[in-house]
Each structure stands twice: as C-alpha cells, then as structure tokens.
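So the structure is just underneath, and the comments pick up after that.
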Amino acid sequence: MPQAFQNPPPYGPRLKIVFLNSLSAVREFRSSHQWFMPVLLTLALMVTMVCSLLIGAYPMSFWRAGDITLSLTLPWAWPEEATWPLMELAVIQMIRLPRVLLATVAGMALGLSGAALQGLMRNPLVGPDLVGVSSGAALGGVFAIMFYWTGAAVVAMAFLGGLLALGGTFGLAKLARSADGIGLILSGIFVGAFCVSGVCLGLFLADDHQMSQIVHWIMGYLNEASPETVWLLTGPTIFGGSVLMLLRWRLNLLSLGDVDAFSMGIRVRSLRLVIIAMVSLIVAAQVSVSGVIGWVGLVVPHCARTLVGPDHRRLLPASAVLGGLFVLLIDDFSRVVLRSDVATGTLTALIGTPFICFLFWRKRNKGWIHD
Amino acid sequence: MSEGDFSFIGLGHAYSPEKWIFRNYQSQVTRGQVLALLGPNGSGKTTLLKILLGALTQTEGSVSVSGQIAFVPQLFQVAFDYSALDMVLMGLAKKVGLFSQPAAADEEAALKALERVGLAHMAYRPFHEMSGGQRQLVIFARALVAEADILILDEPTSALDLKNQNAVLKWIDRLARQENLTVIFSTHHPHHAYAVADQALLMLGESDYAAGPVSEVLSETNLWRLYGLPLKRVSFEYEQKAVETLVPVFRPRADEPGI
C-alpha cells in the first residue's frame, strides 16, 4: 500500500478531534453550570436596558442621562433637589423608558413563544410568523381597527385571530395527514397567506387613519410606545409566559411525538391546546402593540439552544431573555445609528433571513434534526 | 388479574368502515412473560401495539390491562439534541406534577437507571449521537425509571446490527426474567421470537391469526403461511447446550418457485 494511504492526513482528523473535545467540554460545562448562561444573559439584558436609556436622538449629555436613569432605577438615589430640566426627565421617563420596555418585552414575548412553538411542533424551523399565528393576530387586530375598537378589544380580537390561525394550521396539517415537519410549515404558510390577504382587504376598505394603523401592523413598528402600550403587552405576556414557564419541562415530552408522550402519561391534546392558547395570547399582545416583527421567534430560539442546550427547562427562559436583548439592540440601532423610522420588522427580517440561510447551509448534510 | 397481566378479546380495528385490518384477535399474557407479535408489513402490528398502549381506540373488542405501561417506539430521531439523561428523566412524567419540574432526586433516579443499563458514563452524551443499540438501552432505562409493569416495544431490533440485536434481546430477556416485567414486542425476525418469547401472535390475515406458546405457534406450516417462505427448525449443540432456532430458506434465484 502506498505510504500516503497508510498515514492519516496530518491535520484534518486531529483538528476534528480537538473540535469534538471542545464541544464535549462545552457540553460538560453546560450541564454542570446549568444556570450560568441564563444568569449571564439576564445581566446582559439588564445592562443593555439601562444603557439604552442613556442614548437617543434628543441632544443630552451622557452623564446627565446617566444621572436621571440612576435616579429613576434606584428611587432612594433620587436627589432632594433635582437640577435637570423637566424636558430631559420627560424624554427619558416618557419617551425612552416606554420604548425600551416595549422593545424588551416584545422581544421576550417573541423569543418565548418561538421556543414553545418549536418544541410543540417538534420542529426547529417554525416561528410565530411562519405558522400563521402572527398573520392571524394581525387579521384579528385589523378587524378590530375597522370597527374603531381600541386597547384591550384589539388585543382580544388579535388573540382570537391568532388562536384560529394556529388551530387552522394544526387542523390543515392533520387533515393532510402530515402533522410533522414540512407539512406543518406548509399549512402555516397557507393559513398565513390567507390571513395576509384578509389584512390587505382591510387595507383596501380602510380610511386614511385606519390605513396608517394597519401599515404599522404589517411592518412592525415600536415607535408608538407609551405606558399604555407597555401595559397592554406586559399583562398578557406575563400571564401566558408564566403558564409556558410552568409547563416548560412538559414541552420536552411533547417534542418526542404524540404516541411516545401519551405512553408517558401526558394528556397530549389538552396540553397542546393550553400551549397553543398561551402562544396565541402572547403573540396577539405583541402584534397588537408593535405589529408583526418577523424572524425573531425563529432565529432567537436557535441561538439560545446553542448557548443553553435543547432542554426546554433552560431554553425557554434563555430564549425569552435573548429575544428581549435582540429586539432591544435592533431598536437601539434604529433609534441611535439610523435615526430614522425604519420599521423594526424590516430590520429583524434583514438580519434574520441571512442568518437562517446560514443555518440552512450549515446543516446541509445533517438535516435540521441535529441542532 | 394481577399487576402486569394483559389480555385482549375479540379485538378488531378498521380505519375505514368494513375495511378491517384485523378482527377477533385474542391473546393473554401473565406477568413476567414475553409475547412476540409477528406479521408481514402492513398487517397492523403497529396499530395493534397502539391499541394495547391506549393511544388508539379499537373498533371492537376489549383490552384488559393491569399496571403501568411503558412504550419503546421504533428507533426514532429526536427533533432536538437531548442528552441521554434528559431522555431517561422523561420516564418520570407521571410522578412529576403538571406544573412542576423534575427535582435533583429525580435526576439521581434517572442516572441510576442509566447505570443499570451500563450507560452512566454517557449520561450527558446527545441521544442522536449514540449508536442504535445504545439508544434502545436508553429507552429501556426510561422504562425502568418509570417503574412500568408492562413494556411494549415496536420492532426493537429492526435497525440494528447482529451484535446490537443480541444486546437488545438479552435486555428483553433480563427485563422479563429478572425485573419480572411483561414484555410485548413486534418483530420481523421469527428467530428472535423463538429466542426470547414465551408466547407468539402471528397476524396471518384479517381474522386469521395464531396465538399461543412459541413452540406451538412458530411451526414451519404457520411460518410458511405468514411469509410464503420455508423456515426450518434447526437443532444443534453449542457450548454443551442444545440450541434450537429458525432459519429462513431464502430462494432468491429467478428460476426458483415461490414469490
């Protein structure tokens, strides 16, 4: 046998071994320090939130903004005689704070609901916008706008729309007997397309004011942040998110398949219904206040999975925090660097789609299963 | 009927009206016994297993089960990269409250179950990176931790090489004889049934079946009817022990009679 065939190539396999070793080291670290990454992410989010309050378009010195933010964050640090102008206080308290909170909670809602949906559908390729729930919520909301309803009524209609759309996606996939993998995504695309056509019909029938509202919904804007919108989003997100967080280990079981989950004593149908309802509620609240912000619910759980592993007990909190961080950073970029009203949904899609293309390329030989 | 006993009478299932997959099937297993289910592709083995499991409601007949059932599906891909320990932990679903998460003691129990199947050193290894035989053992560990009385396995040896087939059969035998579990498994290999099962159910046709002790049911005549292929019972001595097994006589040449 020629010499070249007897010896392994000098670098390839060794490099591979080093790479695999480093992977197993990551794995071991991950399992022995289970809460390291979620805690780190939470700290990063909190720091980013505070820093986001310091920056913006309004001309204000960084230190002044820091002073006001510190006093707002730590009430006991509030000086007896505040020296800053009322305008600067108002900019931080009434404009920046609601916007930062809105971006963070919207991102958390999307990260959380995306991770829950991926577990429920046993498919790392789905997100709220891909399975029709975002479009359904938008259609429900447009319906409410057409009747000049506001506030909680819009959220309720968006919830109904999202629930019906997600139910429709599952129902269609089941009717077509392909409730796994690509079948679910296809039915999601069909249901989503139907809902989008409904939204466009609404656009056609709307007056000028309604039309601008509907366009905001389709594009995904965060610039209408106010204490009211923050509350409108936070209430349903805390409620739905808490239920999902309590059920997060059950998502592991559901992700194995219906028969397997049933054999382990899971009431598959009712559990699935509860999770669908909670995901719809969270997405409806998010869409109601900030429109359809696409790709976050798909991309963020992917990244979170590489950081904390696939176990939903850690994935759900990590995905929520990472989602908040991601949308907040994008919004900061839009506010501070671009200084224009580019829709947040457009920016997330601009970042999200190449990222998902990269993942698609990376998994070329292994399939999506080997995350 | 004591825990671990299992029987079904007059069992039948049709996915659409009057299109019976099987009908009037009857069998009985007692605790610690192994029942093998044999039938050609499409004869309804998986359907029957799903009915026994309770995941599918039969069209007619009744199933009596006493005790907890654990299910080992056909070798499957998991959508996410769970570790072996995560997979075993899921066996505790019935013990962990709906809104609770498994405690440290549960993780310890899962680790112990992995230790029993000899895979404790692989606890944090991703499930999909394990070999077929190891994956099957992880699922056995999941059944052990669930403290099931009855274990239902869907073609546990179908995707495995000979060495791993033997390992899985050994575990089936061990679970039945040492752990006193009732085991029901479907297979395409009559010699596997012959090696470990006490009873066999041959799904010959819509309401045509043969059930009973392996030595009676796995006769050359019945197997010819089942597979359209001669299977010979062969006896010989190996390591001072009398061995009896079934050997299929494949006749692949174009000029041979048969299918």
Within 10 Å of each Cβ in peptide A:241-249, how many partner chain Cβ atoms are there on average? Round it to a whole number, please. 3
Could you please state how large a percent of the accessible area of segment A:88-363 is carbon and sulfur, counting protein chains only and using a 1.4 Å probe? 75 percent
Would you mind finding the longest exposed-site-free stretch of chain A, with exposed chymotrypsin sites (Phe, Trp or Tyr not before Pro) meaning DSSP loop and at most 12 other Cβ atoms within 10 Å? A:149-371
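Using only alpha carbons, build the gyration tensor for segment A:88-363 and give me the equivalent ellipsoid semi-axes, biggest first, whole Å.
Working from the Cα gyration tensor, I get semi-axes of 29, 21, 17 Å.
Are there trypsin sites (Lys or Arg not before Pro) in segment B:85-176 that DSSP marks as loop and that have at most 15 other Cβ atoms within 10 Å, and which are they?
Details: sites: B:Lys94, B:Lys95, B:Lys112, B:Arg116, B:Arg135, B:Arg142, B:Lys163, B:Lys170, B:Arg174; in loops: B:Lys94, B:Lys95.
Those that pass, being in a loop and sparsely packed, are B:Lys94, B:Lys95.
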Those residues of segment A:272-319 for which accessible area with every protein chain present is at least 10 Å² below the isolated value (1.4 Å probe): A:Arg305, A:Pro310, A:Asp311, A:His312, A:Arg313
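Which value, in Å³ per residue, describes the convex hull spanned by the Cα atoms of segment A:213-367? Don't skip to the answer; put the middle values down first.
On the way: hull volume 20.2 nm³, N = 155.
For segment A:213-367, the hull spanned by Cα atoms encloses 130 Å³ per residue.
Please compute the net charge surrounding A:Pro85, taking Lys and Arg as +1 and Asp and Glu as -1 over other residues with Cβ under 14 Å from its Cβ. Don't jump to the answer; show the numbers that get you there.
Values: positive: A:Arg64; negative: A:Asp67, A:Glu81, A:Glu88.
Every neighbour counted, the sum reads -2.
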Over chain B, calculate the relative contact order: mean separation of alpha carbon pairs under 8 Å at least 6 apart, over the residue count, as a percent. 23 percent
Kindly identify residues of segment B:40-58 having a loss of at least 30 Å² in accessible area between the isolated chain and the assembly of all protein chains, probe radius 1.4 Å. B:Leu53, B:Ala55
Probe of 1.4 angstrom, ligands and nucleic acids ignored: what's the accessible area per residue over the protein assembly as shown, in square angstrom? 47 Å²
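For segment B:131-203, what is the relative contact order in percent, using Cα pairs closer than 8 Å and at least 6 residues apart in sequence?
35 percent
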Collect residues whose amide H, placed 1.01 Å from N in the peptide plane, falls under 5 Å from the amide H of B:Gly39; neighbours closer than 5 in sequence don't count. B:Thr187, B:Met203
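Estimate for me the total accessible surface buried between chains A and B (protein heavy atoms, probe 1.4 Å, no ligands or nucleic acids), in Å² to the nearest 100. Let's see the in-between values first.
Working: alone 19120 and 13400 Å², together 29530 Å².
Approximately 3000 Å² gets buried when A meets B.
For a 22 Å ceiling on Cα separation, which of these pairs sit above it: B:Lys45/B:Lys94; B:Lys19/B:Lys232; B:Lys19/B:Lys50; B:Lys19/B:Lys45; B:Lys112/B:Lys170?
Details: B:Lys45/B:Lys94 27 Å; B:Lys19/B:Lys232 34 Å; B:Lys19/B:Lys50 18 Å; B:Lys19/B:Lys45 16 Å; B:Lys112/B:Lys170 20 Å.
Over 22 Å apart, Cα to Cα: B:Lys45/B:Lys94; B:Lys19/B:Lys232.
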Are there any GluC sites (Glu not before Pro) in segment B:80-125 that are in a DSSP loop and have at most 10 other Cβ atoms within 10 Å? List them by number. none
Using only helices, what value at 222 nm comes out for chain A when you add -39,500 (n - 2.57) per DSSP H run of length 4 or more and divide by the total residues, to the nearest 500 deg cm²/dmol? -24000 deg cm²/dmol
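So, by mean Cβ neighbours within 10 angstrom, what's the order for A:336-343, B:219-226 with the highest one leading? Walk me through the intermediate numbers first.
On the way: A:336-343: 12.1, B:219-226: 15.2.
The most tightly packed comes first, giving B:219-226, A:336-343.
Give me the percent of accessible area attributable to carbon and sulfur for segment B:111-259, probe 1.4 angstrom.
Numbers: 3660 of 7440 Å².
Taking all protein chains in place, segment B:111-259 shows 49 percent carbon and sulfur surface.
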Tally Lys/Arg at +1 and Asp/Glu at -1 over every other residue whose Cβ is under 12 Å from the Cβ of A:Asp332; what's the total? +3
Modelled label-to-label distance, A:Cys200 and B:Ser16, 7 Å Cα→beta-carbon offset: nm? 3.7 nm
Which residues of segment A:253-267 bury at least 40 Å² of accessible area once all protein chains are present, versus their chain alone (1.4 Å probe)? A:Leu256, A:Val259, A:Asp260, A:Phe262, A:Ser263, A:Met264
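The values are calculated or read from the model by the stated rules, or taken from the named source; none is laboratory data. This structure is a prediction, so every number in the text was calculated from the model and none was measured. Please note: Cβ atoms are built from the backbone with ideal geometry, for glycine as well, and neighbour counts cover all protein chains shown. Just the protein is used for accessible areas: all its heavy atoms, side chains included, with ligands, DNA and RNA removed. Shrake-Rupley method; radii C 1.70, N 1.55, O 1.52, S 1.80 Å.
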